[in-house]
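**Q** Dropping the structure in here first, questions after.
The values are calculated or read from the model by the stated rules, or taken from the named source; none is laboratory data. Quick caveat, the model's predicted, so the values are computed rather than measured. Note that we place each Cβ from the backbone using ideal geometry, even for glycine, and neighbour counts take in every protein chain shown. We work out accessible area using only protein heavy atoms, side chains counted, and drop any ligands, DNA or RNA first. Shrake-Rupley method; radii C 1.70, N 1.55, O 1.52, S 1.80 Å.
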Amino acid sequence: MSGRFSDVADWAGLVHAYGPAADLPDTLERVASDDAAVVERALYDLSGSIYHQGWVYPATVPAVGVLYELVSDPGTHHRPGILRLLSDIAGAVWELEEHDEDEYDEPDLATVLTWAREARAAVEEGVPTLSSLLDDGDPAVRAAAPVVVADFPDHDPDLVPRLQSAAVAEDDAGAAASMVLAVGDMCCERDERPLGWLRERGADRRRAVRAAAAVALLWCEVDDLDDDLLRAVSDEIQAPDSALDDQLWVLDGGRVGFFTSALDLHPGAQIGLARDALAVPDTAAVHRAGQVMRAWRAGPAELLPALAGLLGNGETEVVKDAVWEIKQGGPDIALVADALVPLLGHTHDLIAGSALEALGRVGDPRCVAALAADLAEPRLSFHPSAALGGMSAHADVLLDSVREFLSDPKKGTGFGGNYLNSVLAGLAAWGDRALPLLPDLISLLERRKGVPFAARALAALGPSAADAVPVLRRYLGRKHGPQNSENAAWAIWRITGDGEEPLRFLSGTLRDGPDDEDAERLFALGPAAEPALPLLDETTPAGAAIVQHATGDTARTLPHLVDAVAATPTGMLAVRCLGDIGAAAAPPAPDIQEIAESPHVLADGPSTEVVATDRAYQVIAADALARITGKAADER
C-alpha cells in the first residue's frame, strides 16, 4: 500500500462498513483526483464505507483528517459534498443515542456510540478550518461550511459573531442565507436570541436572505413574523428556483419541505403563509392550505374564507381542489356556506358533489333539494353518508326521498363505496329521527339488502326498533357471514338491552379485545354491557371505560382510566368517564386540558373526518374538564 494517504493511519488495522479499511487510501486518493467525475464517484464510495446507514467506524476518524486537508484545497472538486459528509459524520451520534441496546448484538451499542463520539470529536477538531472556509473563494463552499459549523454551537463563543460578520459582508445570496441559518440554529441550541440582528437580516434586499432570517426567527421561537418576512418565505416556497436550492440545509426534504417544516410549531406563521399563497392560486397552494387546516385548530376559520374566495375562479382544477379541501373543514364550513350553494348546480361532477357534501355536513337546509335529487337519481361523486348524517335536523323534509330510495336502491358514483350502504350509514346518525323509516329498514333486511348497515341504523333507534328483532335474528350465525351476523347481534343487544343471545355470536371477537367501533358500541350500552365484562381486560383503555360506564366502579377503574386519556376513540371514552367521576378524577386534568385547548389538531383518521372528529374531542374534553375542576373554560 502506497500513496499520499497510506501513512495517515494503520488502515489495515481499522474497520469500516465493509471490513478492514486497507482500501481507504485509494478511495481518498480518488477524492483528490483532478477529474470531477472520479471525485463524485469516490465520495459516494467513501460515504458508503465510513458513514453507512447512520453508522460511523474506527476508520472514520483518520479519514476525517484527510477530508479536512482536501476541503481546504481550492483545487479539490466537490468540496460542498465533502462538507456534507463531514456534517453527516458529526451528527451520527445523535440518532444512535436514541436507539435501544437490544437492537445491537455485535458490536454492541456502547461500542458503536464510542465510535460515533470519536468521529464527532474528529470533525470538531476541524472547526477552525471550517471558520476559515467562510472566506473561501467559492460561494458554494462558503454556503456549505456554516452547516457544519452549526453542528458545534458550544465549541467557541466567537463562532456566532464570526458568522454574523461574514453574513453581513457576504455578497452571494445563498452563502449569506446559509450563514444566517447557522446563526439561528446555533443560538437556538445555546438558548440565545439575537432577534435584533436577525430582524436586520430580514430587511435584506435578497429574498433568500430574508426567508432565512424568517426561519431563524422561528427557530428562536418568534411567532409574530411580520408580513414581509412571511411573504419572503412564501415566495421562496413558490419560486421556480432559489439561491438555497441544492444547499445542505435543504437537501433532505427539499426547499419546500425545509421551509414548511420550519413553521411546524408556529400556527400563526404557517396559517398566514398558507393564506398568502392562495393569493396566486394553484393546486399545490390549495392542498397546502388543506394540510394546514388539518394540522392547526385555528386553520379552518382562517383559511376556509380564503379557499371560498377561489370558488369563482375560472380554472376548473383550482375550483375542484378548493371545494374538495373546504368539505374537510369541519363545523367551520358553515362560515363559507353561501359560497358553496351556487356550486350545487355545477356541471363538474366532483365540484357539485363536494359542495353538496360540505353543505350537508353542516346541516345547511339549502342543500335539501340537491340531496333529494341525488337520492332519486345518484349522479354525483360524494359521500351520501356524511351529507345525510349532517342533515339529521332536517330529516322530516328528507324522509319521503329517503323512503323512495330505500324502496328501490340505486347504484351511485359516490366515493363511499356501495351507495345504499352509505345512505344507511348516514341514517344511523339520525337516531330517533329515522323512526318513521323503521318499516323500510325492516324491508331491506327481508330483501337481504345492505344488511350490516341496515342493522346499524336499527341499532341507533334503540328499543323503538323492537319490531326488527325477529328479522335480525335470521342473520345470526356463521352461515350468514361474520359482518351480517355480528352487526345483527349488536343491533339486537342495543334494541333489547339483553346481551345473552348476542354474546353467543360476539364473544370470540370480544375475547380478542374490542376494536374502536365495538368499544364504542359496548360503551353506548351502559349497564346493559355488563354480561360482556368478564370477556374484557379492564386494564386497557377500552376495557376500563366500558367497565366504568357499565358499573360505576370507580375504585376498580380509575387508575386505568387515568392512563388511558388520549385523543383517540377509546381514549375519549375514558375522558367521558373521568368527567362523570368528577373531582376524584383530578390527576389527569392537565392531559384532558391539553386535548381541550391544544393549538394542534390531535385527532387522527381519514382526512375528510379529522377536523370534525377533533372538534368533537375538544367539546368532550372541555365538558369533562369543567366537571372535574368545577370551572368553566373562561374561569380556568
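**Q** Tell me, rounded to the nearest percent, the portion of alpha carbon pairs in the range 336-382 spaced more than 12 Å apart.
**A** Percent of Cα pairs beyond 12 Å in the range 336-382: 54.
**Q** Still on this structure: Heavy atoms only, probe 1.4 angstrom, no DNA, RNA or ligands counted: give me 44, 617, 51 ranked by accessible area, highest first.
**A** On the way: 44 150, 617 20, 51 55 Å².
Final ranking, largest accessible area leading: 44, 51, 617.
**Q** Counting only protein heavy atoms and a 1.4 Å probe, tell me what percentage of the chain's accessible area is made up of carbon and sulfur. If you can, show how the numbers build up before the last one.
**A** Working: 13090 of 26900 Å².
So the carbon and sulfur contribution to the accessible surface is 49 percent.
**Q** Provide 135, 518 ordered by accessible surface of protein heavy atoms (probe 1.4 Å), highest first. Don't jump to the answer; show the numbers that get you there.
**A** Numbers: 135 110, 518 10 Å².
Heavy-atom accessible area, descending, gives 135, 518.
**Q** Continuing with the same structure: How big is the charge dipole of the range 455-514 about its Cα centre, in debye rounded to the nearest 20, if each Lys and Arg gets +1 on its Cβ and each Asp and Glu gets -1 on its Cβ? Walk me through the numbers on the way to the answer.
**A** Working: 8 positive and 6 negative charges, 45 e Å.
So the dipole magnitude of the range 455-514 works out to roughly 220 debye.
**Q** Taking the Cα centre of the chain as the origin, how large is its charge dipole in debye, to the nearest 20, when only Lys and Arg (+1) and Asp and Glu (-1) carry charge on their Cβ atoms? Could you put the intermediate results ahead of the total?
**A** Details: 50 positive and 101 negative charges, 701 e Å.
Its charge dipole is roughly 3360 debye.
**Q** Here's something else I'd like to know. Once every Cα of the range 127-172 carries one equal point scatterer and solvent is ignored, give the base-10 log of I(q)/I(0) from the Debye formula at q = 0.15, 0.19, 0.20, 0.33 Å⁻¹, two decimals.
**A** Relative scattering, expressed as log10 I(q)/I(0), comes to -0.32, -0.51, -0.57, -1.42.
**Q** In Å², what does the accessible area per residue of the chain work out to with a 1.4 Å probe?
**A** Details: 26900 Å² over 636 residues.
Spelled out: the 1.4 Å probe surface of the chain, per residue, equals 42 Å².
**Q** Right, something else. In terms of modelled amide H atoms, which long-range or inter-chain residues lie less than 5 Å from the amide H of residue 513?
**A** Counting only residues 5 or more places away or on other chains, the set is empty.
**Q** Still on this structure, I have one more. Given the whole protein assembly as supplied and a 1.4 Å probe, what does the accessible area of residue 8 come to in Å², nearest 10?
**A** Counting only protein heavy atoms, residue 8 exposes about 70 Å² to solvent.
**Q** Let me ask you something else. Let me spell out the model: positive unit charges on the Cβ of Lys and Arg, negative unit charges on the Cβ of Asp and Glu, origin at the Cα centre of the range 380-505. What dipole size does that give, in debye rounded to 20? Walk me through the intermediate numbers first.
**A** On the way: 14 positive and 12 negative charges, 108 e Å.
Using Cβ point charges on Lys, Arg, Asp and Glu, the range 380-505 gives about 520 debye.
**Q** Sort 33, 261, 234 from largest to smallest accessible area, using a 1.4 Å probe on the heavy atoms of the protein chains. Write down the numbers at each step before the final one.
**A** On the way: 33 30, 261 60, 234 5 Å².
Ranked list, largest accessible area first: 261, 33, 234.
**Q** Of 65, 368, 188, which is farthest on the positive side of the dipole of the chain, counting Cα position, with +1 on Lys and Arg Cβ, -1 on Asp and Glu Cβ, and the Cα centre as origin?
**A** The residue sitting farthest along the positive end of the dipole is 368.
**Q** Go through 545, 54, 15 and say which Cα lies farthest out towards the positive end of the charge dipole of the chain; charges sit on Cβ, +1 for Lys and Arg, -1 for Asp and Glu.
**A** So the residue we want is 545.
**Q** Restricted to Cα positions, what overall size does the range 585-628 have along the principal axes? Three whole-Å values, descending.
**A** On the principal axes, the range 585-628 reaches 34, 14, 14 Å in Cα extent.
**Q** Further, regarding this structure: For Cα pairs less than 8 Å apart in space and 6+ apart in sequence, what is the mean separation divided by the residue count of the range 533-628, i.e. the relative contact order in percent? Could you put the intermediate results ahead of the total?
**A** On the way: 138 pairs, mean separation 25.1, N = 96.
Relative contact order for the range 533-628 comes out at 26 percent.
**Q** To continue, here is another question. Mean residue ellipticity at 222 nm from the helices of the chain, using -39,500 (n - 2.57) per DSSP H segment of n ≥ 4 over the full residue count, to the nearest 500 deg cm²/dmol?
**A** Numbers: 34 runs with 384 residues, N = 636.
Roughly -18500 deg cm²/dmol at 222 nm, from the helical runs in the chain.
**Q** Where Rh is the Kirkwood radius over the Cα pairs of the chain, the temperature 10 °C and the viscosity 1.306 mPa s, what D in µm²/s does Stokes-Einstein return?
**A** On the way: Rh = 29.1 Å.
Rounded, D is 55 µm²/s.
**Q** Only loop residues by DSSP count here, and only those with at most 10 other Cβ atoms within 10 Å; note down the trypsin sites (Lys or Arg not before Pro) in the range 397-470 that meet that.
**A** Working: sites: 403, 410, 411, 433, 447, 448, 449, 456; in loops: 410, 411, 447, 448, 449.
When the trypsin sites (Lys or Arg not before Pro) of the range 397-470 are filtered for loop state and at most 10 Cβ neighbours within 10 Å, 411 remain.
**Q** Could you work out the relative contact order of the range 182-234? I mean the mean sequence separation of Cα pairs under 8 Å and 6+ apart, divided by the number of residues, in percent. Intermediate results must be reported in sequence, preceding the final value.
**A** Values: 55 pairs, mean separation 19.5, N = 53.
That works out to 37 percent.
**Q** Would you mind classifying the range 233-279 by shape? Square roots of the alpha carbon gyration tensor eigenvalues, ordered a ≥ b ≥ c; an a/c under 1.5 is rounded, otherwise it is prolate if a/b is larger than b/c and oblate if not. All intermediate terms of the calculation are to be shown ahead of the outcome.
**A** Working: a/c = 3.19, a/b = 1.44, b/c = 2.21.
Since a/c reaches 1.5 but b/c is at least a/b, the shape of the range 233-279 is classed as oblate.
**Q** While we're on this one: Answer with one residue from 390, 450, 435: the one whose Cα lies farthest towards the positive end of the charge dipole of the range 340-470, charges on Cβ with Lys, Arg +1 and Asp, Glu -1.
**A** 450
**Q** Straight-line reach from residue 320: which aspartates and glutamates have a Cα under 12 Å away, not including same-chain ones fewer than 8 places off?
**A** Cα-Cα hits under 12 Å: 282, 349.
**Q** Per residue and in cubic angstrom, what volume does the convex hull of the Cα atoms of the range 451-605 have?
**A** Details: hull volume 17.8 nm³, N = 155.
Value for the range 451-605: 115 Å³ per residue.
**Q** In percent, what relative contact order does the range 336-419 have, based on Cα pairs under 8 Å that are 6 or more apart in sequence?
**A** Values: 116 pairs, mean separation 24.6, N = 84.
Relative contact order comes out at 29 percent.
**Q** What is the Rg over Rh value, at two decimals, for the range 528-631, using alpha-carbon atoms and the Kirkwood definition of Rh? Each step should come with its number before you reach the end.
**A** Numbers: Rg = 13.5 Å, Rh = 13.7 Å.
For the range 528-631, the value is 0.98.
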